[in-house]
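Asker: My structure is below; once you've seen it, I'll send some questions.
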Amino acid sequence: MSVKDGGNIPLKYSRFMAGLLAVLVAACGQAPEKPSGKDPRACFPAEARRWIALKSDSDKPAPKVESKASRDAVIYVDRSGSMEGYLAGATNAERPFHDIVSTLAGSLAPHGFRTHHRSFGTTVSENLPDGGSKLLDRASYRCPQAGACDNSESRLDRVFAQIKSTNSPLSVVVTDLWFTNSDIQSSGIAALQPLLTDLLFADKVVAIYAIAAPFTGKIYDLPDAGTDKFSVPYAGRHPLYIVVVGDKSAIVDFEKGVRGGGSNYLAAGLENGTIKRALFAIDPGPESPAEAAPLSAGTDPAVRVSNFQLPPGVAVQRFLMRPDRSIKAGPRVAEPPSWAGPKASAFLPGAIWQGPINVRTLVWKQSGEGCSDKSWLRQNVAQTGWKAPRADGAATFTLAPDAFRGALSQKGIYLITGEVQRSSVTVPNPQNMWMRGPWNLTPEAAATTAGSAPGLFPTLNLSEFGRIMENALATAVERKDQPITGFTVLVKVED
């Protein structure tokens, strides 16, 4: 006898349902009404958990979010002479440099961050007293006497080396990204790539924010047609950058802090897009990327959405598969449930995610009632259900009974996970094209730009920095097997 959704479950199938319920209830405590603090996804195979959504109880108030343990955040402020222009150019309405230095610590505090300020030029300072208040003093960016300057260069390579060695949960670098390092080649940019690669490979996220900030001061170290450099006075807008390095949760909390913090200017810029953004990560998805219903419902009567009972705690899309009901021929085309991606909406805002991809399918059959991986017996790891990925990096999965006939050959409850992995990164990447457009100044155009008094004085070699970031991410991606998006569903196979 077949089972209809919502009807009684025959005894011969009750073992499967009882086992599934026991597994999930065990994860939530002794009874669904009194869940413990354990993540209910822990009873599923580790590879599938990330794509299983947690279910919220709309009839009860949302649980109180516990404050995160105190974490250190270090704000590194570029003290090169050009940075004074951001202080001098500030207005009452637009003062992003002031806002970053003076309000960021308060914005991050509700998210558990204990903030310290440092400055850097040729060297990196120790923690500054009084919350870095002197960083708002224009004299901090000037030479006290000839020959005693530490602000002639911005040694970003030393800053990122310190970030790597200290492994701080969150590091914030405030700079104009103007590379003038005379000790290493390629304007100091090339030395950053191995450092950035190592940070990305260690699962750090590097987020770059660009602000068209008001500026009144000097633009230093512009290359001329020969081998010399020159400087020009300038009043207008000049890009100010915030480069943030940290764990994914710290980066997410950084944005939350800025959006809800003390600077309306910075919050509005993130909201309306006037602050440019590029986010580099091996795993560019959000902290909780799972969808409750990732596959389309389809129209195939052999595999349709089901609602067999799940206790509170998880939201997993469920299907009932009856292969004998497949439409073999006729004018009507039956579409099985399907998934298509990757989609930009599946990733953090500004994430660099495009690139060549690989796909895989993982299948487990429920085989026990214990709350562990042993409750699920792996069937195979293959590409079942996937169409060959297109050249543009798009892929389609279908839950077609014929395709899964071998993997789901027996009656029972199965867990199916589909994943998309990058094998590299598209270079140049469409997500950070702004780093190659009007915000970028090539050395060949420096003299012409300096003489034209542009509304926005662009950043020297910004496109090269973007390329270095893309290459660092591509290298890290190629070294690490990391899915970037995916899904998990439950399938009950019957006659």
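The values are calculated or read from the model by the stated rules, or taken from the named source; none is laboratory data. As the structure is a prediction and not an experimental result, all values here were calculated from the model. Cβ coordinates were reconstructed from backbone atoms using ideal geometry, including for glycine residues, and neighbour counts include every protein chain displayed. For the accessible areas, the whole protein counts, side chains as well, though only heavy atoms, and no ligand, DNA or RNA atoms are used. Shrake-Rupley method; radii C 1.70, N 1.55, O 1.52, S 1.80 Å.
Asker: Taking A334 and the conditions (1) modelled with pLDDT under 90; (2) under 20 Å from R41 (Cα atoms), which numbered condition does it fall short on, given that it satisfies the others?
Answerer: (2)
Asker: Only one of (1) more than 16 Å from T485 (Cα to Cα); (2) open to solvent by 10 Å² or more (accessible area, probe 1.4 Å); (3) touching a residue at least 12 places away in the same chain (Cβ under 8 Å) fails for P349. Which number is that?
Answerer: With respect to (1) more than 16 Å from T485 (Cα to Cα); (2) open to solvent by 10 Å² or more (accessible area, probe 1.4 Å); (3) touching a residue at least 12 places away in the same chain (Cβ under 8 Å), P349 is out only on (1).
Asker: Count, please, the residues in the stretch 253-291 that happen to be aliphatic (A, V, I, L, M) and more than 24 Å from F465 (Cβ to Cβ).
Answerer: 3
Asker: Do we have any residue at all in the stretch 397-420 that's surrounded by 14 or more Cβ atoms within 10 Å (Cβ to Cβ) and free of Cβ contacts under 8 Å to residues at least 40 places away in the same chain?
Answerer: The answer is yes; a qualifying residue exists.
Asker: Looking at G226, is it surrounded by fewer than 14 Cβ atoms within 10 Å (Cβ to Cβ) and free of Cβ contacts under 8 Å to residues at least 60 places away in the same chain? Walk me through how you get there before you give the answer.
Answerer: Values: surrounded by fewer than 14 Cβ atoms within 10 Å (Cβ to Cβ): yes; free of Cβ contacts under 8 Å to residues at least 60 places away in the same chain: yes.
Yes; evaluated as a whole, the condition is true for this residue.
Asker: Out of the residues in the stretch 270-286 that are open to solvent by 20 Å² or more (accessible area, probe 1.4 Å) and not β-branched (V, I, T), state the one that is farthest from N440 (Cα to Cα).
Answerer: Applying the filter and picking the extreme gives P286.
Asker: Of all residues in the stretch 374-391 being of a type in the set (S, T, N, Q) and open to solvent by less than 100 Å² (accessible area, probe 1.4 Å), which is nearest to K411 (Cα to Cα)?
Answerer: Filtering the stretch 374-391 down to residues of a type in the set (S, T, N, Q) leaves 375, 379-380, 383-384.
Subset that is open to solvent by less than 100 Å² (accessible area, probe 1.4 Å): 375, 379-380, 384.
Values: S375: 16, Q379: 13, N380: 16, T384: 18 Å.
Top of the filtered list is Q379.
Asker: Scan P438, P401 and give me the residue that is part of a loop (DSSP other than H, G, I, E, B) and under 30 Å from G273 (Cα atoms). Steps first, please.
Answerer: Working: P401 fails: under 30 Å from G273 (Cα atoms).
Within the list P438, P401, the selection yields P438.
Asker: Here are D157, D72, D150: which of them is in a strand (DSSP E or B) and either open to solvent by 10 Å² or more (accessible area, probe 1.4 Å) or not basic (K, R) (or both)? Step through it out loud before you land on a result.
Answerer: Details: D157 fails: in a strand (DSSP E or B); D150 fails: in a strand (DSSP E or B).
Unique residue meeting the criteria: D72.
Asker: Something else: Filter the stretch 75-89 for residues that are buried (at least 18 other Cβ atoms within 10 Å of the Cβ) and either within 21 Å of Q162 (Cα to Cα) or out of contact with any Asp or Glu (no Cβ under 9 Å at 6 or more places or on another chain) (or both) and give the result.
Answerer: Of everything in the stretch 75-89, those that are buried (at least 18 other Cβ atoms within 10 Å of the Cβ) and either within 21 Å of Q162 (Cα to Cα) or out of contact with any Asp or Glu (no Cβ under 9 Å at 6 or more places or on another chain) (or both) turn out to be I75, Y76, V77, D78, R79, S80, G81, E84, G89.
Asker: Take the stretch 439-490 and flag every residue that is acidic (D, E) and touching a residue at least 24 places away in the same chain (Cβ under 8 Å).
Answerer: Of everything in the stretch 439-490, those that are acidic (D, E) and touching a residue at least 24 places away in the same chain (Cβ under 8 Å) turn out to be E464, E470, E478, D481.
Asker: Here's something else I'd like to know. Looking at P294 and the list (1) of a type outside the set (D, E); (2) buried (at least 19 other Cβ atoms within 10 Å of the Cβ); (3) closer than 23 Å to A109 by Cα, which single condition is not satisfied?
Answerer: (3)
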